[in-house]
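*Asks:* One structure coming up, written as structure tokens, with questions to follow.
The values are calculated or read from the model by the stated rules, or taken from the named source; none is laboratory data. Being a predicted model, the structure only gives us computed values, none of them experimental. When we count neighbours, we look across all protein chains shown, and the Cβ atoms used for this are built from the backbone with ideal geometry, even at glycine.
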Amino acid sequence: MEKVTILDLSLHVDDRGWVAWPFADMAFEQTQLRRVHLPCMKPGAVRGNHYHPSTVEFALILTGPCRALFEDNETGERQELLLPVHTPVLFKISANVTHAFKNESSHNILLLCYEQRADSTLDEGTCRKIIL
């Protein structure tokens, strides 16, 4: 799907595990980073099931397995992915794309989510739409 991108994630892996830099390539001087949050998904739980009419959202899935579903609200195009167990994945989700994530594991999964805006409005603009 053209409006959802899996970004290259700055990642260092060694015998202890991994370290990720999810903000490394962002142009902070041109945008506002907003609404940084860290959702936890219990086994079988779904997060998201919403879209933002005018905001780009980034979602970093820290571990898996996790099912990701995206739907372009203009074209109806859908994309579904099953994310791997041990590799973090960073998504850039364009405005007006419904997104949902389902924990497909037997343990809690953490996500790191944040929005990027060109303006400083405080309106979060989240619209509920169940797709998963």
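*Asks:* Name the single residue that is surrounded by the fewest Cβ atoms within 10 Å (Cβ to Cβ) among those in segment 62-81 being among the aliphatic types (A, V, I, L, M), at pLDDT 95 or above and within 12 Å of the chain's Cα centre (by Cα). Steps first, answer last, please.
*Replies:* Keep residues of segment 62-81 that are among the aliphatic types (A, V, I, L, M), which gives 62, 68-69, 81.
So of that shortlist, the ones also at pLDDT 95 or above come out as 68-69, 81.
From what's left, within 12 Å of the chain's Cα centre (by Cα): 68-69.
On the way: Ala68: 23, Leu69: 18.
Going through the qualifying residues, I end up with Leu69.
*Asks:* Please work out which residue is modelled with the lowest pLDDT, limiting yourself to segment 3-31 and to residues that are of a type in the set (S, T, N, Q) and closer than 26 Å to Glu71 by Cβ.
*Replies:* Residues of segment 3-31 of a type in the set (S, T, N, Q): 5, 10, 30-31.
Among the residues that remain, those that are also closer than 26 Å to Glu71 by Cβ are: 5, 31.
On the way: Thr5: 91, Thr31: 61.
Filtering segment 3-31 for residues that are of a type in the set (S, T, N, Q) and closer than 26 Å to Glu71 by Cβ, the one modelled with the lowest pLDDT comes out as Thr31.
*Asks:* Find the residue count for segment 63-87, including only residues that are farther than 30 Å from Asp14 by Cβ and not charged (D, E, K, R). Quick ask: steps written out before the conclusion?
*Replies:* Start the filter on segment 63-87 by keeping residues that are farther than 30 Å from Asp14 by Cβ, which leaves 69-80.
Checking the rest, the ones that are also not charged (D, E, K, R) come to 69-70, 73, 75-76, 79.
Residues that pass the stated criteria total 6.
*Asks:* Give the residue that is modelled with the highest pLDDT, with candidates limited to residues of segment 82-118 that are part of a strand (DSSP E or B) and in contact with a His (Cβ under 6 Å, 6 or more places away or on another chain).
*Replies:* At the first step, the residues of segment 82-118 found to be part of a strand (DSSP E or B) are 82-83, 89-93, 97-103, 109-117.
Checking the rest, the ones that are also in contact with a His (Cβ under 6 Å, 6 or more places away or on another chain) come to 93, 113.
Working: Ile93: 95, Cys113: 92.
Only one residue tops the list, namely Ile93.
*Asks:* Further question on the same structure: Starting from segment 1-12, take each residue that is farther than 10 Å from Val89 by Cβ and list its partners that are of a type in the set (Lys, Arg) and at pLDDT 90 or above, counting only C-beta distances under 7 angstrom and pairs at least six apart or across chains.
*Replies:* Thr5/Lys92
*Asks:* Name the pairs: first residue in segment 18-39 and closer than 17 Å to Val56 by Cα and of a type in the set (Ser, Thr, Tyr), second residue at pLDDT below 80 and in a loop (DSSP other than H, G, I, E, B), Cβ to Cβ under 8 Å, at least 6 apart or on different chains?
*Replies:* Thr31/Ala118
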